[in-house]
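Before any comments, here is the structure.
The values are calculated or read from the model by the stated rules, or taken from the named source; none is laboratory data. Here the structure is a predicted model, which means the values were calculated and not measured. FYI the Cβ positions are ideal-geometry reconstructions off the backbone, even for glycines, and counts take in every protein chain you see.
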Amino acid sequence: MPITAASFKKLSTHIGTFPAYTNIGVIENGKDLYVIDSGVNSTDGEDIVKALKELYPSSSVKAILNTHSHSDHCGGNAKIQELTKAKIYAPFNESRLMEFPEAMIAMYWGAHPFEELRKIHYMQLEPTFPDTLIHANDEFNFGSASVKCIPLPGHYFDQTGFLVTDASDGKKSFFLGDGLFGMSMIKKYWIPFMVDPNEFRKSVMLIDETQADFFVPSHGDVTEGDKIHALSEINIMITLETEILIIKTLQKASLTHEELLEAVAGFAGIDLKLGQYVLIGSTIKSYLSSLLDKKIVSYTIEDNRMLWSATKGQSN
């Protein structure tokens, strides 16, 4: 969905969202506007500024609050800064990757990425330099709304959600980043990217326990009140299903990471292209690390290959 004034949805008196590939949050405080995440690229950043100028002609973006450093969440930062001189708030550890995004791609690939990989749109990110570093449970008062910063690691290292309370009507909107995925995202990407599935599940449970009127995942529809419980359960379930699939596959044979990726993707009906190969491949490694730490899988080095197996206690 394009980011336009017509697409803007009010959640409460001073809080709203632009539904888009990456949902954008907005806090209005008179002449000051605060944006939560900035979209995929400079086009999104320009569209956000244009739409807000139409909605709030006398206001300007004062700051961007980034949930984490992935390009689809801070890709519009540089353009918004160029057009408005907005400040950037970002979680402490995420800020390091925003300043040096090349390190993020190298982490996915394990080395300096080759040209074709660098050209994938969601691997491209212009460096931006946060002005305010966010730490766990920081709180900000923007006049019309207060913001509590809630750590939601798992999808990424220092990802942070923003629980925004409207000062006028008391309604709470929880902007989740990728701490939890909407159903449309889950249906499209059965194995979402994450660096730590255990931490992801803990974050989902924290979201589920948080009282809010609206829950806004970055990808998917806004969820109201108690309806979050069903979506939380599904998010936890997909990670457990992936773990079970990995364990059952390794019960049958010892496999390299690439062989396991082939088996898991084949079972899920995923035809891997380059970007998915890298991101899902990295996610499978995250699951293997988690399962290894819990002694559910093990590895050996044989004939110069790293082979993964289910431990004896997990075998049929």
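Things worth noting here:
- Tally of residues being free of Cβ contacts under 8 Å to residues at least 12 places away in the same chain and of a type in the set (S, T, N, Q) across the stretch 1-42: 0
- Residue within the stretch 242-251 that is more than 23 Å from residue 21 (Cα to Cα), in contact (Cβ under 8 Å) with a residue 12 or more places away in the chain and outside any helix (DSSP H, G or I) present: no
- When 313, 269, 281 are checked against the criterion of being within 30 Å of residue 124 (Cα to Cα) and at pLDDT below 95, a single residue qualifies: 269.
- Residue match in the stretch 173-187 (condition: farther than 29 Å from residue 276 by Cα, crowded, with 16+ Cβ neighbours inside 10 Å and of a type in the set (Gly, Ala, Ser)): yes
- Of all the residues in the stretch 188-216, those that are assigned to a helix (DSSP H, G or I) and either assigned by TED's automatic domain parsing to the domain that holds residue 164 or under 25 Å from residue 261 (Cβ atoms) (or both) number 8.
- Only one of the numbered conditions (1) crowded, with 19+ Cβ neighbours inside 10 Å; (2) touching a residue at least 60 places away in the same chain (Cβ under 8 Å); (3) of a type in the set (A, V, I, L, M, F, W, C) is not met by residue 109, and that is (1).
- Count - residues of the stretch 1-34 that are of a type in the set (Gly, Ala, Ser) and either surrounded by 20 or more Cβ atoms within 10 Å (Cβ to Cβ) or closer than 20 Å to residue 70 by Cα (or both): 3
- Candidates in the stretch 126-150 are the residues that are buried (at least 16 other Cβ atoms within 10 Å of the Cβ) and touching a Cys at 6+ places or on another chain (Cβ under 7 Å); of these, the one that is farthest from residue 43 (Cα to Cα) is 138.
- Cβ separations smaller than 7 Å between residues 6+ apart or across chains give no pair from the stretch 286-307 residues that are more than 16 Å from residue 201 (Cα to Cα) to residues that are outside any strand (DSSP E or B) and basic (Lys, Arg).
- Being assigned to a loop (DSSP other than H, G, I, E, B) and modelled with pLDDT of 95 or more is true of residue 169.
- Scan the stretch 7-47 for residues that are of a type outside the set (S, T, N, Q), within 24 Å of residue 167 (Cα to Cα) and not in a strand (DSSP E or B) and the total you get is 7.
Residues checked against (1) farther than 21 Å from residue 175 by Cα; (2) of a type in the set (A, V, I, L, M); (3) in contact with a Gly (Cβ under 7 Å, 6 or more places away or on another chain):
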residue	(1), (2), (3)
52	no, yes, no
86	no, yes, no
112	yes, no, no
140	no, no, no
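- Residue 279 satisfies every condition listed in (1) assigned to a helix (DSSP H, G or I); (2) closer than 15 Å to residue 259 by Cα; (3) touching a residue at least 40 places away in the same chain (Cβ under 8 Å) except (2).
- Inspection of the stretch 85-93 finds a residue satisfying the criterion of being closer than 16 Å to residue 132 by Cα and of a type in the set (Gly, Ala, Ser).
- Test for residue 69: is it touching a Gly at 6+ places or on another chain (Cβ under 8 Å) and buried (at least 24 other Cβ atoms within 10 Å of the Cβ): no
- All of (1) closer than 25 Å to residue 47 by Cα; (2) touching a Gly at 6+ places or on another chain (Cβ under 6 Å); (3) not small (Gly, Ala, Ser) hold for residue 160 with one exception: (2).
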